[in-house]
Amino acid sequence: MNIMNVDYTTKIPNNVNLTEDRQVLKALEGWHPGYLDWWNDMGPEGFQESLVYLRTAVSVDPKGWAKFDYVRMPEYRWGVLLAPQEEGRLVNFGQHMGEKAWQEVPGEYRAMLRRLVVIQGDTEPASVEQQRHLGKTAPSLYDMRNLFQVNVEEGRHLWAMVYLLQKYFGRDGREEADDLLRRRSGDADSPRMLGAFNEATPDWLSFFMFTFFTDRDGKMQLESLAQSGFDPLSRTCRFMLTEEAHHMFVGETGVGRILRRTCEAMREAGIDDPHEVERVRALGVIDLPTMQKKVNLHYSLSLDLFGSEVSTNAANFYNAGLKGRFQETRLRDDHRLTGDTYPVLKWVDGAIKLVDEPALTALNMRLRDDYTNDCNKGIERWNKIVKALGVDFEFALPHTAFHRQIGEFKNMHATAGGEIVSDAQWKKVRDDFLPSTEDGDFIASLMTPVSEPGEFASWIAPPKVGIDNKPGDFEYVKISE
Amino acid sequence: MAAEDKKLANGATHIDFQTDPSRYRHWKLAVDGEIATLTMDVDENGGLFDGYQLKLNSYDLGVDIELADALQRLRFEHPQVKAVLLRSGKNRVFCAGANIRMLAGATHAHKVNFCKFTNETRNGIEDSSANSGQHFICVVNGTAAGGGYELALAADHIVLVDDGSAAVSLPEVPLLAVLPGTGGLTRVTDKRKVRRDHADYFCTFEEGVKGKRAVQWRLVDEVVPNSKLEARVADRARAFAAASKRDAQGEGIKLTPLMRTIEGDSIRYRFVGADIDRAARTATISIKAPEVPPPADPEAVVVQGAAFWPLQVARELDDAILHLRLNELEIAVLVFKSEGDPAQVLAYDAVLDACKDNWFVNEVRHFWKRVLKRVDVTSRTLVALIEPGSCFAGSLAELVFAADRAYMLIGSRQGDNRAPPKLMLSAMNFGPYPMSHGLTRLQSRFQADPSELDRVKARLGQPLDAETAEELGLVTFALDDIDWDDEVRVFFEARTSFSPDSLTGLEANLRFVGPETMESKIFARLTAWQNWIFQRPNAVGEAGALQRYGTGERPQFDMTRV
């Protein structure tokens, strides 16, 4: 069988030769009905019968993995697709550096590996749950289609993690796979494991910010797992990254189109000062200061996903060869880090300072720094749009210490500029930095659905290019009445 | 972080066991009628020593000192409380157990003392339930790992949140190359009766067990979803309170701060004093008899409260023993002496016996029992010197029976016009103060021939001189004035020349004669196994698990099975 062609001979599309892996096939088939129930309960509400113009991975070949066609989402072909195996791949970091990459789980790392897979797996269905009501307020069919694309691919990423659990982790793995369907975002009884995945995604601006900031954390995590010495995990994550790129695209262009529309509307109305919030809002567009507050919110929530700056788990994962750094193989050092240090932002004697910590335990901080750099590139592109339209406003990421629930700065209040303030002061200035209830109400007031092909809501500009190069009035979603 | 460099936080010069709720940094004690809530919310930056942070509700000795204080106050200050909820103030974390960085940086002696104290505290929880009708319900709202689960194990009932994440675990073996040292293994098998193969799996699986399996395997009593948790916990609290036999009316008594001065090598309380002789490596603990007769009735006893002599002496003695254990590591011998009128001591014992149905007297008796147990497991040579002017009677005589050796002077000393010393027994020597293995010190003493116990009991209340005491088997040697000084001196000199380790092992072996209980097994296994493992390079060597923990580097083990 050609590994580059997805195997459709069984119920579950895959390129891992499932037909000859009776045990895993059986486990997955057992899990499949539960997954479909979950999708029907927690997937996009109200659009399960609609025909959506989606891409489906039919092969992991770079040319062939994105095939577009109309499909009903419950019939989407969620498969198990891993990047092709590289001959002779090695463990590229940690104490096993230079050894052959593992094709089976090493017994001593089984618990650690399973934990990594479960945490990653838990985030995938969570965002589907968080976004399930958004279809009803989509600003266009184009955006609605993008939302559903992101949703089905997160669903497929769940499949990918479940495959690893069922193939490599025995009975415990199967139980964990069941629990991935049992936990629900924001549920009081069984919430998702990480904080940001229990927050609401109430509107489309939140959705775009989420895909820009929070999915980018996902990207960084996948990048570092793609370095794993456990080859099946590496291959799985490498393929997931090709899809994740689209999610970043949806977020970055979504926000970009909103602020483009705002700037255009301001110009048409002759408003120069972006801080004239009421006048700008009266135009039916979202003012830039509120967008900045959303940036502050989603960036800070996403920073928490990296965990404590100094982390034993991160050190263990790295040294064991299970989770590397961003672009590990391109870095020029010994890839062991046992004697190295890395500067970490800490709260020392009443001031925020950079303190050298052992590089191994500072890996969360390092990945977070890489993440911040990645975010800044997007921010720069947004600023270019604003500048090109002649509006005097610059977006910026808030300070690391701002609005944190995890890590070094969790027990204090800081402004977006990084000034530490008292509880009382924070109460006074909070709404200057984070969306207020009124801000949320205003955004919500704009969320009226637009479902005519080629039309867009007042607060968002059309995209420059259609998906799959389709024309502007293409009917991306055929809504079932 | 070398062990010798460990500095107490905030410039403290010694570890202090005195605290009160207004000074707690890690616990909150709230009382609502019959139900109390003890909330663990550890201040990360409130470590007893510099150099580590108490993350995720992990604990060090300082955290446990507050817990021990709270348990004590629940018994004395809150007579109405019949059920205690043990909970976490942290989100989705119950308790991550003993702080590993603290352990990695601590001296071996501190680690052992820490484990011993935390064991005593957890035994105290079970003692509160068994003897004071204060039943504990532990609400595990998230991770309960290692010492966190061991804390839960001390409760009568464990409720685990069923959220797909919350789990109980004993990850010491896979993560740290040590054992759960706070009774975890013993309580899992002997108290909760977890099947041994399940226990084997559980103790080698670092992530632990959650949900239904935790109930099926008996690791917890029930799992409850978050949305039903508060209602269920309230139900359980009411049910345990209703089943409590605690019968206490009126106000509690206030455990007022102990008056203590530490000057040079001497520690002074109202009735207890400790004098350290560093050259001789001894500490002499002297206890004074009460100066006035006891109150006539239980109501008057309660009015005395913390000033009631047996309670005050027990608190002072407890503090002194703990102080010497933790802060004076090179002292080899604790010498017990007493001073005053033995008849007064017996008069108070008579009250303890006659009024035992009064809740407060009951608490005092059980506190004395616990203090004496603390003495039993103190790894120093214990010696009682019974000299003229002493008052080793009843409760105080228990110190004589707890000692590894007891010397009693025959007659008086030349030039001393005080009467020859007398030893006296009371009802308190025949039941209320069992050791951890369930026998009284006198029962332990007369294992060879229980009829000797009856012979001794027949002398209850009588003053016994040295020769009689020796003949009855109550003291090791009766010595006259001519031999006394030399014999005692030579004994101390020989004793302090021995290896402290071999003495610790010897004494612990010989003190607990006869049967085992869960409680004695916990201490015995701590001594035998944990202390061995805690010394081995696989745990504490430079490449051992405790040193490597948190660095990301894997420990290197010597794979020889010993």
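The values are calculated or read from the model by the stated rules, or taken from the named source; none is laboratory data. Just so we're clear, the structure is a prediction, and the values are computed from it rather than from any experiment. Note: ideal-geometry Cβ built from the backbone for every residue, glycine included; neighbour counts use all protein chains shown.
Can you find, within region A:308-337, the residue that is farthest from the other protein chains (Cβ to nearest Cβ) among those that are in a helix (DSSP H, G or I) and within 11 Å of residue A:93 (Cα to Cα)? Across region A:308-337, the extreme among qualifying residues is A:329. Within region B:223-251, restricting attention to residues that are touching a Pro at 6+ places or on another chain (Cβ under 8 Å) and closer than 17 Å to residue B:357 by Cβ, the residue that is nearest to the other protein chains (Cβ to nearest Cβ) is B:246. Every condition in (1) on the phi < 0 side of the Ramachandran plot; (2) touching a Pro at 6+ places or on another chain (Cβ under 8 Å); (3) not hydroxyl-bearing (Ser, Thr, Tyr) is met by residue B:123 except one, and the failing one is (2). Only one of the numbered conditions (1) touching a His at 6+ places or on another chain (Cβ under 9 Å); (2) of a type in the set (A, V, I, L, M, F, W, C); (3) within 22 Å of residue B:57 (Cα to Cα) is violated by residue B:217, and that is (3).
This table checks each residue for (1) closer than 30 Å to residue B:413 by Cβ; (2) in a loop (DSSP other than H, G, I, E, B); (3) assigned by TED's automatic domain parsing to the domain that holds residue B:133.
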| position | (1), (2), (3) |
| --- | --- |
| B:306 | no, no, no |
| B:316 | yes, no, no |
| B:320 | yes, no, no |
| B:326 | no, no, no |
| B:331 | yes, yes, no |
| B:336 | yes, no, no |
| B:348 | yes, no, no |
| B:351 | no, no, no |
| B:367 | no, no, no |
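Among the residues of region A:163-180, just one is more than 13 Å from residue A:110 (Cα to Cα) and touching a Pro at 6+ places or on another chain (Cβ under 7 Å), namely A:180.
For region B:424-440, how many residues meet the condition of being closer than 15 Å to residue B:474 by Cβ, touching a residue at least 60 places away in the same chain (Cβ under 8 Å) and not in a loop (DSSP other than H, G, I, E, B)? Selection size over region B:424-440: 2. Residue B:10 meets all of the listed conditions (1) more than 17 Å from residue B:100 (Cα to Cα); (2) surrounded by 15 or more Cβ atoms within 10 Å (Cβ to Cβ) but one, namely (2). Scanning region B:432-452 for residues that are surrounded by fewer than 17 Cβ atoms within 10 Å (Cβ to Cβ) and in contact with a Leu (Cβ under 7 Å, 6 or more places away or on another chain) returns no hits.
Can you go through A:439, A:431 and tell me which one is loosely packed, with under 14 Cβ neighbours inside 10 Å and either in contact (Cβ under 8 Å) with a residue 12 or more places away in the chain or in a helix (DSSP H, G or I) (or both)? Only one candidate passes the filter, namely A:431. The C-beta contact set for region A:386-406 (first residue among the charged types (D, E, K, R), second residue not in a loop (DSSP other than H, G, I, E, B), distance under 6 angstrom, 6+ apart or interchain) comprises A:394/A:383.
Quick check on residue B:456: is it among the aliphatic types (A, V, I, L, M), in the same structural domain as residue B:382 (by TED's automatic domain parsing), surrounded by 14 or more Cβ atoms within 10 Å (Cβ to Cβ) and over 14 Å from residue B:401 (Cα atoms)?
Against the criterion (among the aliphatic types (A, V, I, L, M), in the same structural domain as residue B:382 (by TED's automatic domain parsing), surrounded by 14 or more Cβ atoms within 10 Å (Cβ to Cβ) and over 14 Å from residue B:401 (Cα atoms)), residue B:456 does not qualify.
Scanning region A:114-164 for residues that are over 17 Å from the mean Cα position of the chain (by Cα), buried (at least 24 other Cβ atoms within 10 Å of the Cβ) and closer than 30 Å to residue B:208 by Cβ turns up A:162, A:163, A:164. The conditions are (1) more than 14 Å from every other protein chain (Cβ to nearest Cβ); (2) touching a Lys or Arg at 6+ places or on another chain (Cβ under 9 Å); (3) surrounded by fewer than 18 Cβ atoms within 10 Å (Cβ to Cβ); (4) not acidic (Asp, Glu), and residue B:536 fails exactly one of them. Which is it? Among (1) more than 14 Å from every other protein chain (Cβ to nearest Cβ); (2) touching a Lys or Arg at 6+ places or on another chain (Cβ under 9 Å); (3) surrounded by fewer than 18 Cβ atoms within 10 Å (Cβ to Cβ); (4) not acidic (Asp, Glu), the lone unmet condition for residue B:536 is (2).
When B:476, B:527, B:504 are checked against the criterion of being at pLDDT 95 or above and of a type in the set (Val, Ile, Thr), a single residue qualifies: B:476. Taken over region A:360-378, the criterion of being out of contact with any helix residue (DSSP H, G or I) (no Cβ under 7 Å at 6 or more places or on another chain) and more than 14 Å from every other protein chain (Cβ to nearest Cβ) is satisfied by A:369, A:372, A:373, A:376, A:377. Among the residues making up region B:541-554, those that are more than 11 Å from every other protein chain (Cβ to nearest Cβ) and either among the small types (Gly, Ala, Ser) or surrounded by fewer than 21 Cβ atoms within 10 Å (Cβ to Cβ) (or both) are B:541, B:542, B:543, B:544, B:545, B:547.
Restricted to helices (runs of 4 or more DSSP H) entirely inside region B:480-531, those with at least 2 residues that are in contact with a helix residue (DSSP H, G or I) (Cβ under 7 Å, 6 or more places away or on another chain) are B:500-511, B:518-525.
Within region B:478-507, the set of residues being closer than 19 Å to residue B:381 by Cβ, hydrophobic (A, V, I, L, M, F, W, C) and surrounded by fewer than 17 Cβ atoms within 10 Å (Cβ to Cβ) comprises B:490, B:494, B:498, B:506. For residue B:287, the conditions (1) in contact with a Cys (Cβ under 9 Å, 6 or more places away or on another chain); (2) in a helix (DSSP H, G or I) all hold with the exception of (2). Exactly one residue out of B:220, B:272 is surrounded by 15 or more Cβ atoms within 10 Å (Cβ to Cβ) and within 23 Å of residue B:93 (Cα to Cα), and it is B:220. With respect to residue B:311, determine if the residue is surrounded by 18 or more Cβ atoms within 10 Å (Cβ to Cβ) and either out of contact with any helix residue (DSSP H, G or I) (no Cβ under 6 Å at 6 or more places or on another chain) or away from every other protein chain (no Cβ under 14 Å) (or both). Spelling it out, residue B:311 is indeed surrounded by 18 or more Cβ atoms within 10 Å (Cβ to Cβ) and either out of contact with any helix residue (DSSP H, G or I) (no Cβ under 6 Å at 6 or more places or on another chain) or away from every other protein chain (no Cβ under 14 Å) (or both). Selection of first residues in region B:176-192 that are under 29 Å from residue A:316 (Cα atoms) and of second residues that are among the hydroxyl-bearing types (Ser, Thr, Tyr), restricted to Cβ pairs under 8 Å at least 6 apart or on distinct chains, gives the following pairs, ordered by first then second residue: B:176/B:549; B:180/B:149; B:182/B:118; B:184/B:149. Return yes when residue A:355 is over 26 Å from the mean Cα position of the chain (by Cα) and over 16 Å from residue A:399 (Cβ atoms) and no when it is not. Yes: the conditions hold for residue A:355.
Going by what's in this entry, would residue A:82 be described as within 20 Å of residue A:328 (Cβ to Cβ), crowded, with 20+ Cβ neighbours inside 10 Å and either within 14 Å of another protein chain (Cβ to nearest Cβ) or acidic (Asp, Glu) (or both)?
Considered against the rule, which asks whether it is within 20 Å of residue A:328 (Cβ to Cβ), crowded, with 20+ Cβ neighbours inside 10 Å and either within 14 Å of another protein chain (Cβ to nearest Cβ) or acidic (Asp, Glu) (or both), residue A:82 comes out as no.
Could you check region A:91-108 and list, in sequence order, the residues that are facing chain B (nearest Cβ under 10 Å) and surrounded by 15 or more Cβ atoms within 10 Å (Cβ to Cβ)? Correct list: A:94, A:95, A:96. Scanning region B:29-77 for residues that are outside any strand (DSSP E or B) and under 24 Å from residue B:362 (Cβ atoms) yields a total of 13.
Look through region A:346-359, keep the residues that are part of a strand (DSSP E or B) and without any contact (Cβ under 8 Å) to a residue 40 or more places away in the chain, and return whichever of them is nearest to the other protein chains (Cβ to nearest Cβ).
Among them, the one singled out is A:348.
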